Amino acid sequence: MTGYIIRRLGEAIIVTLGVTMITFALLHLLPGNLAHDVLGPRASPQELAQFTQQNGLNRPIYVQYWLFLEKLLHGNLGYSYQYNRSVDSLLASELPRDLVLGGLSLIFALLIAIPVGVAQAVRRNGVLDYTSTGVSFLLYSMPQYAIALLLIQFLSISFHVLPAEAPQSSSALGMLAHPAGLVLPVASLTLVTFAQFSRYMRSSAIDTLAQDYIRTARAKGLSERLVLWRHLLRNSLVTVVTLVGLSIPLVITGTLIIEQVFNFPGAGLEYLQATLSNDYEVMLGITVLVGVVTVLGNLVADIGYAILDPRIRY
Amino acid sequence: MQKLARHGVAASAAVLVMVLAAACGSSSSSSGNSSGSSAASASASLPTNGAGLTQPTTPAGTRLSGGTVFFTEGPDAAPNYIFPMYSPQVCSTANNNQLEYMMYRPLYWYGNNYRPNIDYDYSIGEQPQFSDGNKTVTIKLNSWKWSNGEPVTSRDLVFWMNMMKASPATEWCGYVPGYFPDNVASYSAPDPQTFVLHFTKDYNPTWVTYDELSQLTPIPLAWDRTSLSQPAPTSDNGHLPDTTKAGAAAVYKFLDGEAKKPGSWATSPLWQVVDGPFHLQSFTTAGEATLVPNPDYSGSPKATISKLVELPFTSETAIYNQLRSAGPSSLTVANLPSQYAPQISALEAIGYTDNKAASYSFNYFPLNLHNPKVGPIFSQMYFRQAFQHLLDQQGWIKAFLTDTAIPTCGPVPDAPPSSLVSAASISFTPCAFSTSAAQQLLSSHGWKVVPGGTTTCQNPSLCGAGITQGEGISFTLDYESGVVSVQNEMNDLAAQAKKVGININLTTHPFGTVISTAVACQPSQPTCKWQAENWGAGWIYGPSYLPTGEQLFAPGAVANYGSYNDASTTQLISEVTVASNETQELDAYAQNVSQRVPVVFQPTSIGTYQGDAGTLVAKNLGGYAANALGLMNPEDWYFTR
């Protein structure tokens, strides 16, 4: 297992390098001119030339890429000309908050979807199954913003039960100090994720229930609770683990709509604004970060398989 | 003057914020009266919108001392710069009007009570005195103090001028080559309360007062340094670096760098020295600014609220949700996005007054007169006049903008009214919607109009220079993506144009791309490929507040994006700056521009910031009046019980 992890980490480094290379090349192929975008249309040719010189934009692209990698290795993701701040500091202030929002919704979605999926499989074609399936389809087919706006309309505007915006604290801990403000944004994310996870969990559990080892366990006289807990749940989780691994990058940038609706400035919104305003280094920094997290998320999922299913050996 | 933009800080332009009409009104076509509305539009009544609060609010109840005012920043438009000598890159209402001006007062204050006029009661400077055939301006300063105890003196203005005269002048948002500070021959501070400027020409005093002196801000000598480790300089501790050009440039570089560090603003020994009514108590990474009264403020009145909190928002939806769910207790003064205009009555019912103030701006989009393909057609005045007739502005305002905009037909804003500009200059006739008038103009200039087809030139001598026989009218109009109202307007324009055989190929790009694509160019340059660019907003007058055209329509002017060049317009622009009767000259200039249509005029949104539907003010907030130029006077505000 250790050897496998080391091997996968090596692969991850190569993939990440590929991600940086492709991203860097694509961003430099975009129409526009960084100096012009930063200095504005009133900038004189001398100012444009000076900016280009100072930032090495007149050097060959491979040299620029090498300089970018050098900075990256020193933990320097670049500088946002729109926000007048380093990309590192932008992400340092936003990522912990995103992790609270995305992380909580992921945890709640799992906590709800796993038992619901198992219960649906065990009581297949029953009232619970049909009801849960209906709710899942309804939530899954609804755009995230629609769920968010409906929740706000009913719980904030009509009945004034919960605030319409996420906690405005600039720290993750500060956000947790205002749990009421977290309810609606976390619920909006959770409902969609739950719908997806519960469907996969149900399907996986139904497959597992048909396996010989389940029948054998029951034949051995094992209680139904132990069958479900030891044999069904563990083996059914493999599919969900894959989903969780793929969902980890979304914790960073997948909350864009929720950020917009609930007044929650996060990395997703940052990325959108950077795209609209040609803030190249922010785009580059976040893309690289998401690439790295995606690779790591897959690695975590692969390790999770081996833990859940001892038959899997790398 | 500044090109209007969306969302506070234009990434690529010298801009102020203005969402022009994000209204999500009917998706149906506008009036659709393709030929019959000419007469009606020609005699159109003046706009009913743009009626701001001309007097401070006086709610019933006992006046309270203290209380926190919560104010909405524009969506994703938090301040990102604090030094009042701002470059085009950081030239935004979020930085200027909503932050810097409340701490570092410009020499003169404009726009109170919804009039684009100077207000000497709120100004550091007394009324300027002109002499030497108006070449010399003498300004006496009122006795103000900085919060560090130093007096505000004419030396602080010399410091400002030294900085402007150094290389940073080209980075000043209001800089126009040949004008301020290039047209200042010399300046001096003969005594601490007197500042003297000598201009190179005998300019019109009103123009100087509104366009040139508006660019002056006293700055404290505590800023006259190149590092924070130096002791804070004062007027009596020896040599100050700004007195040489290189020294001033070095000081500017240092201050510019410090101004880009929002994390240190609230604690910096630089930015805590203020002469305005407020100082910054805190500023979060998300953009929440908390301002508290400056106890040493010399002006009048003194602030009675205990705090002003400027709240950042990620979207227009978030602003609206917060308004509806929490109401005046959480947002005291809020700019309502245009798309929520239909909700104004519901918001008034929960405790708001709607202030329908317009900013002193006008909306337009440029045609590229130097484009090698269609430039010769765009250069013909009759074509621009015909094209202007195809914009159904009043229909758009009804159908797409929920009555939150004003028909526009010239560079002089219709609202707010100004005593500096004659109402006679405001005529909508040249811009009246009429496809028949457009068709007639084209036909009478040698074009064979083919409704629904392609109109072609049949008589090149009448069509104009550079237009060949058989040539059709077809061009690309690129507009800002993501704004429903602009999309509806452009679709309607393309449909109306097709009725007279003009083929418009519509394309969309993000705001930043559109605004930076529209640049002045020569036909041979690669940057001259653009044909028409509509960024959905236009132009706001500031920090030069007189609606003159030296930045917009003079040849070579920084914002003459379409490369318009007309001798009569240029002459009138020049005359306004030196005229003895600026009202008469401005009237002539406004009429000239309306007739000659150097750009395509389109409805100007009301709303002080971002082209909002209006500003919602809590009904228990007193002392609030609209400012014609979007400045803020929270020192006037108070709560009532």
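Using the Cα gyration tensor of chain A, with a ≥ b ≥ c the square roots of its eigenvalues, what is the shape: rounded (a/c below 1.5), prolate (a/b larger than b/c) or oblate (neither)? Taking the square roots of the gyration eigenvalues as a ≥ b ≥ c, chain A is oblate.
Taking only C-alpha pairs under 8 Å that are 6+ residues apart, what is the relative contact order of segment B:189-309 in percent?
Relative CO of segment B:189-309 lands at 14 percent.
Averaged over the residues of peptide A:80-89, the number of Cβ atoms from other protein chains lying within 10 Å of each residue's Cβ is 4.
Taking θ as phi - 60° and the Karplus parameters 6.51, -1.76 and 1.60, the scalar couplings of segment B:432-448 work out to 5, 6, 6, 5, 5, 5, 4, 4, 5, 4, 5, 4, 6, 10, x, 9, 9 Hz in sequence order, x denoting glycine and proline.
For the residues A:LEU104, A:LEU73, A:LEU233, a GNM of chain A with alpha-carbon springs under 10 Å puts the largest fluctuation on A:LEU73.
Normalised by residue count, segment B:365-604 yields a Cα convex hull volume of 121 Å³ per residue. Amide H contacts of B:GLU73: B:LEU311, B:PHE313, each under 5 Å away and 5 or more positions distant or on a separate chain (H built 1.01 Å from N in the peptide plane; Pro and chain starts excluded).
Set the Förster radius R0 to 35 Å, insert the Cβ-Cβ distance between A:ASP212 and A:LEU17 as r into 1/(1 + (r/R0)^6), and round the FRET efficiency to 0.05. Please report the intermediate quantities before stating the final value.
Numbers: r = 45 Å, r/R0 = 1.28.
The computed FRET efficiency comes out at 0.20.
With a Förster radius of 22 Å applied to the beta-carbon distance between A:THR131 and A:HIS178, the computed FRET efficiency rounds to 0.05. For chain B, the longest principal axis of the C-alpha atoms and the axis of helix B:316-326 are separated by about 60°.
Cα centroids of segment A:61-108 and segment B:482-507: 41 Å apart.
Within a straight-line Cα-Cα reach of under 17 Å, A:LYS71 can be paired with the following aspartates and glutamates, leaving aside sequence neighbours fewer than 8 residues apart in one chain: A:ASP88, A:GLU281. For every other residue with a beta carbon closer than 15 angstrom to the beta carbon of B:VAL374, add +1 if it is Lys or Arg and -1 if Asp or Glu, then tell me the sum. Taking every Cβ under 15 Å from that of B:VAL374, the sum is 0. Between B:LYS302 and B:ASN503, residue separation times 0.36 nm minus the direct Cα-Cα distance comes to 66.5 nm.
Within the listed set A:VAL87, A:VAL251, A:VAL127, the Gaussian network model of chain A (springs between alpha-carbon atoms below 10 Å) gives the highest mean-square fluctuation for A:VAL127. Once the Cα atoms are used to define both axes, helix B:484-498 deviates from the longest principal axis of chain B by about 30 degrees. Taking amide H positions as modeled 1.01 Å from N, with prolines and chain starts lacking one, the residues under 5 Å from B:THR456 and 5 or more places away or on another chain are B:LYS448, B:VAL450.
Quarter the surface of the alpha carbon convex hull of segment B:494-562 and you get the mean projected area, 6.3 square nanometres.
Place a +1 charge on the Cβ of each Lys and Arg in chain B and a -1 charge on the Cβ of each Asp and Glu, then give the dipole magnitude about the Cα centre in debye, rounded to the nearest 20. Intermediate values should be presented prior to the final figure.
On the way: 30 positive and 45 negative charges, 178 e Å.
Result for chain B is approximately 860 debye, rounded to the nearest 20.
A Cβ-based charge dipole, computed about the Cα centre of segment A:168-234 with Lys and Arg at +1 and Asp and Glu at -1, lands at about 300 debye.
Residues of segment B:176-194 with the amide nitrogen closer than 14 Å to a label point 7 Å from the Cα of A:GLN46, along Cα-to-Cβ, please. Answer for segment B:176-194: B:177-178.
Rounded to a whole number of µm²/s, how large is the Stokes-Einstein D of the protein assembly as shown at 10 °C and 1.306 mPa s, given Rh as the Kirkwood radius over C-alpha pairs?
On the way: Rh = 30.4 Å.
For the chosen part, D equals 52 µm²/s.
In this rough spin-label picture, where each label sits 7 Å from Cα along the Cβ direction, the B:GLU348-A:ILE6 distance is 7.5 nm.
For segment A:115-130, backbone phi angles converted through the Karplus equation (6.51, -1.76, 1.60; θ = phi - 60°) give residue-by-residue couplings of x, 5, x, 5, 4, 4, 5, 5, 10, 4, 6, x, 4, 4, 5, 5 Hz, Gly and Pro being listed as x.
Kindly state, to the nearest 0.05, the FRET efficiency for A:ASP309 paired with A:LEU72, given R0 = 35 Å and r defined as their beta-carbon distance. About 0.45, to the nearest 0.05.
Structural size metrics of chain B, computed from C-alpha coordinates, are Rg and Dmax of 24.7, 78 Å. Taking every alpha-carbon pair under 8 Å whose residues sit at least 6 apart, segment B:519-641 reaches a relative contact order of 15 percent.
Using the Cα centre as the reference, give the magnitude of the dipole from point charges on the C-beta atoms of chain A (Lys, Arg: +1; Asp, Glu: -1; all else neutral), rounded to the nearest 20 debye. Don't skip to the end; give the middle numbers.
Values: 19 positive and 18 negative charges, 279 e Å.
Computed charge dipole of chain A: roughly 1340 debye.
Within chain A, what's the longest stretch lacking trypsin sites (Lys or Arg not before Pro) that sit in DSSP loops with no more than 10 other Cβ atoms inside 10 Å? Walk me through the intermediate numbers first.
Details: sites that count: A:LYS220, A:ARG311, A:ARG313.
Result for the longest clean stretch: A:1-219.
Which one of A:HIS36, A:TYR81, A:GLY18 is farthest out on the positive end of the charge dipole of segment A:2-87, using unit charges on Cβ (Lys, Arg +1; Asp, Glu -1) and the Cα centre as origin? Projecting each Cα onto the dipole axis, the largest value belongs to A:GLY18.
For the pairs B:LYS135/B:LYS245; B:LYS145/B:LYS302; B:LYS373/B:LYS498; B:LYS165/B:LYS201; B:LYS145/B:LYS245, flag any whose C-alpha to C-alpha distance is greater than 21 Å. Don't skip to the end; give the middle numbers.
Working: B:LYS135/B:LYS245 24 Å; B:LYS145/B:LYS302 14 Å; B:LYS373/B:LYS498 19 Å; B:LYS165/B:LYS201 18 Å; B:LYS145/B:LYS245 27 Å.
Violating the 21 Å Cα-Cα cut-off are B:LYS135/B:LYS245; B:LYS145/B:LYS245.
Database remark: amide H of B:ALA579 closer than 5 angstrom to the amide H of B:ASN204 (H placed geometrically; neighbours at sequence offset of 5 or more, or on other chains; Pro and chain starts carry no H).
What number, in percent, do you get for the relative contact order of chain B if the mean sequence gap of Cα pairs under 8 Å and at least 6 apart is divided by its residue count? Display every interim value, and only then the final one.
On the way: 1609 pairs, mean separation 165.4, N = 641.
26 percent.
Ranked for footprinting exposure by Cβ neighbours inside 10 Å, fewest first, B:ILE344, B:ILE467, A:ILE61, B:ILE319 give A:ILE61, B:ILE344, B:ILE467, B:ILE319.
What do you get for Rg/Rh over segment B:104-264 if you use C-alpha atoms and the Kirkwood form of Rh? Walk me through the numbers on the way to the answer.
Numbers: Rg = 15.8 Å, Rh = 16.5 Å.
We get a ratio of 0.96 for segment B:104-264.
Listed by Cβ neighbour count within 10 Å, with the fewest neighbours leading, B:PHE71, B:PHE400 appear as B:PHE71, B:PHE400.
The long axis of helix B:154-165 is offset from the longest Cα principal axis of chain B by roughly 40 degrees. The phi-based Karplus calculation (6.51 cos²θ - 1.76 cosθ + 1.60; θ = phi - 60°) puts the 3J(HN,Hα) values of segment A:174-189 at x, 5, 5, 6, 10, x, 4, x, 7, 4, 5, x, 5, 5, 4, 6 Hz, whole numbers, x for Gly and Pro.
Please average, across the residues of B:316-324, the number of beta carbons from any other chain that are within 10 Å of each residue's own beta carbon, and give a whole number. Please list the in-between numbers first.
Working: counts 1, 10, 11, 2, 3, 13, 7, 2, 6.
Mean partner shielding for this stretch: 6.
Just so you know, all these numbers are worked out from the coordinates, no wet-lab data involved. Keep in mind that what you see is a predicted model, and the values were worked out from it rather than measured. Cβ coordinates were reconstructed from backbone atoms using ideal geometry, including for glycine residues, and neighbour counts include every protein chain displayed.
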